[in-house]
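Just below is one structure, and these are the notes that go with it.
No value in this document is a laboratory result; all are computed from the given coordinates. What you see is a predicted model, and the numbers here were worked out from it, not measured in a lab. Don't worry about glycine lacking a Cβ; one is built from the backbone with ideal geometry, like all the others, and counts go over all protein chains shown.
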């Protein structure tokens, strides 16, 4: 596969920036690992940051496979654009995503993060490109 344009995810090097085989999923994982505890983001915000604004579903697919990634990926911090826990079905139990958010003092009601806009972390604003 041809190397893609060089891009850094925050201060970390990615497959793109090192010239290694490019992996969209690994870039997604790198971004998600940088979400601070107690904050959340969306599939679309990650896609936008990675320069693929229309690839929110691909970010969702990456999150589906994140449970086997090393180092761990805090996939519970990634929500849909309305702050809903749409990825909860991909966790070990139906309530695990909410439980992990609650451990970080993120309140959830009816499968939606309370104060979503206040807790929203935008990688395009928070990370350097």
message: Counting other beta carbons within 10 Å of each residue's own, what order do 77, 57, 39 fall into, fewest first?
response: 57, 39, 77
Kirkwood-based Rg to Rh ratio, segment 15-120, C-alpha trace: 0.96
- prompt: What are the principal axis extents of the Cα atoms in segment 72-129, in Å, biggest first?
  reply: 35, 26, 20
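So for segment 15-120, averaging the separation of alpha carbon pairs under 8 Å that are six or more residues apart and normalising by length, what relative contact order in percent results? Before the final figure, lay out each step's value.
Values: 134 pairs, mean separation 26.0, N = 106.
That works out to 24 percent.
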